[in-house]
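See below for the structure under consideration.
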Amino acid sequence: EILPGGQSSLYGSDAIAGVINIILKDRLEGGVFNVRGGVYTEGGGDTIRMSLAHGFSGFDGRLNVLAGLQYEHRNPIWASDRDLTMEFNRNGYSAQTASRDYLVYSATRSSNSYYFLDPNNCSNVTGQFDGTEGLRTRPGFGQYCGSFSTPGYRTLKNGKDSQQVYTHATFDVSDNFQVYGDVLYSHEENEYNVGSSFLWWGTGSKWGAFYDPNLDDLVNLQRAFSPEDIGGEGYPNTNNKDTSRSYMVTLGGKGTFGSSAWDYDVNFTRNEYRLDERSFVRWNDPVNDYFEQRVLGPQQGWDPYFDAYPVFTPDYAAFYTPMSPADFASFTGQTTNKSKTWDNMLRAQITNGSLFQLPGGDAGLAVVVEGGSQGWEYTPDANLIPDPETLESNVWGLTSVSGGGHRSRYAVTSELRLPVWEPLTITVAGRYDAFKADGETIDKPTYSLGIEYRPIDSLLLRGKYGTAFRAPTLSDQFQ
């Protein structure tokens, strides 16, 4: 069911652009087994998905159960798998510029700002990035060691492993009362890599710049890490992984008030979603210490111009040198951030599809009352929390903030459908939502007016005027 336009008057916050209701089967005779697989001709992204669903019944058809399982696996697609993305665009409007993997640059000059200080003219590093590293020139800036192929060391599509379990059950207590329940559980892992544009080191992060007396200039170093530095499988060893676990449980009952036209539906739903974000990181002090000990050397005071930047006389030959995987492992590792979101909702609905007669048919009315609570918490790895004095984290180039909180919410919705006469139907809806947290209430009434006019059987004209709103998300409110 597709409902375009603002739908806050029926569905509340966030239903600004429209609503898509996915209506699931609630009964299945026998079983269904599906297998779907696929490959890409250019490599990567191989997928396999298997699903099994089966229906059961008992107690002379009063009990009906539908259960389903699904498993899916997908390999990642690396940018190197595609000619278009394996390197910097070869067919662009301007010439390719290789990545600046080994770069010394001035912090004071805007043109001719690169210093090329490798006595070996990049010959020591030509085996990196699978043999694509070499001496490069950027017009107007200068020379450096770089590669055209570094864009290939990232994923275009995540790798994925997921499993889901779903059960829906109904039991007819009497001719006009039914109890029902739903259980859904999902576990999913997504693996990805942001590539060499993220996995690098530079002096600017700690010092802003440093003074080299031999150059009489403020300069910075920039060094990307290659698959050969990483060792093992290379960049796949530095993949990030997001693991999510979620469940939804619904219990309810529905029926009819006696022999009247009034139907009711009362249910309670609990949703919970947990996410663990495992990220590959460089440790702040170890990575800076590594290059300070091997390249920069001891600090020799402060610059003569501003008395603010440290003085180093680097060993540039050591800078233009590959490192061992053991060295790389000494200043890298992993962090895990954890988040949790939950929602409890009690919902009651009454409907009457034959409220009264109009020339076009029966008028219909629905009234819904909702109430519940929502919560959210985000707990980053302690290494990402900034030091209160230096505002630095233990992770190079990254920091984070934490947050959490909960709020209660309630809503009242009503919809009236009026078939004024056979070609013309008018629908009126209104809703009031309120969110309460820390003694503060955020509330909003919304309404809508819709018209359907069918002058002939083959032509339907629809129009709608409505208001919509968006309440703050939990992270907006509590981060």
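The values are calculated or read from the model by the stated rules, or taken from the named source; none is laboratory data. All figures in this text were calculated on a predicted structure; none of them were measured in a lab. All Cβ positions, glycine included, derive from the backbone under ideal geometry; neighbour counts span all protein chains shown. Ligands, DNA and RNA are stripped out before the accessible areas are found, and what is left, the full protein with its side chains, is counted by its heavy atoms. Shrake-Rupley method; radii C 1.70, N 1.55, O 1.52, S 1.80 Å.
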Determine Rg/Rh for region 242-331; Rg is computed over alpha-carbon atoms and Rh is the Kirkwood hydrodynamic estimate from the same atoms.
-> 1.59
Ranked packing of 167-177, 213-223, 425-435, most packed first, by mean Cβ within 10 Å = 425-435, 213-223, 167-177
What do you get for Rg/Rh of region 306-433 when both radii come from the Cα atoms and Rh is the Kirkwood radius?
-> 1.43
What percentage of the solvent-accessible surface of the chain, computed with a 1.4 Å probe over protein heavy atoms, is contributed by carbon and sulfur atoms?
-> 54
Spelling it out for Ala98: with amide H atoms placed in the peptide plane at 1.01 Å from N, the residues 5 or more places away or on another chain with amide H under 5 Å from its amide H are none
Bins of 10 Å, starting at 0 and running to the largest distance - Cα pair percent for region 19-62 | 19, 28, 28, 18, 5, 1
Pair Asp289, Ile385: separation of 7 Å Cα→Cβ label points (nm) | 2.3
Partners for Lys241 among lysines (Cα-Cα distance below 16 Å; same-chain residues under 8 apart left out) | Lys157, Lys160, Lys338
Linear extension gain, Asp457 paired with Asp263, 0.36 nm per residue minus alpha-carbon span | 66.7 nm
Cα-based Rg of region 426-479 normalised by 2.2 N^0.38 Å, two decimals | 1.76
Please work out the average accessible area per residue across the chain, using the 1.4 Å probe convention, and give it in Å².
-> 53
Stokes-Einstein D for region 1-129 (4 °C, 1.567 mPa s, Kirkwood Rh from Cα pairs), in µm²/s, comes to 58
Cα-based convex hull, region 104-209, per residue volume (Å³, whole number) | 210
Semi-axes of region 195-344 from the Cα gyration tensor (sqrt of 5 times each eigenvalue, largest first, whole Å) come to 58, 19, 10
Quick one, which of (i) 22.4, 69; (ii) 30.5, 121; (iii) 31.2, 97 is the actual Rg and Dmax of the Cα atoms in Å calculated for this model?
-> (iii)
Lysines whose Cα lies under 19 Å from that of Lys254, excluding same-chain neighbours fewer than 8 positions away = Lys25
Roughly what would the spin-label model give for Val369 and Phe177, points 7 Å off Cα along C-beta, in nm?
-> 1.9
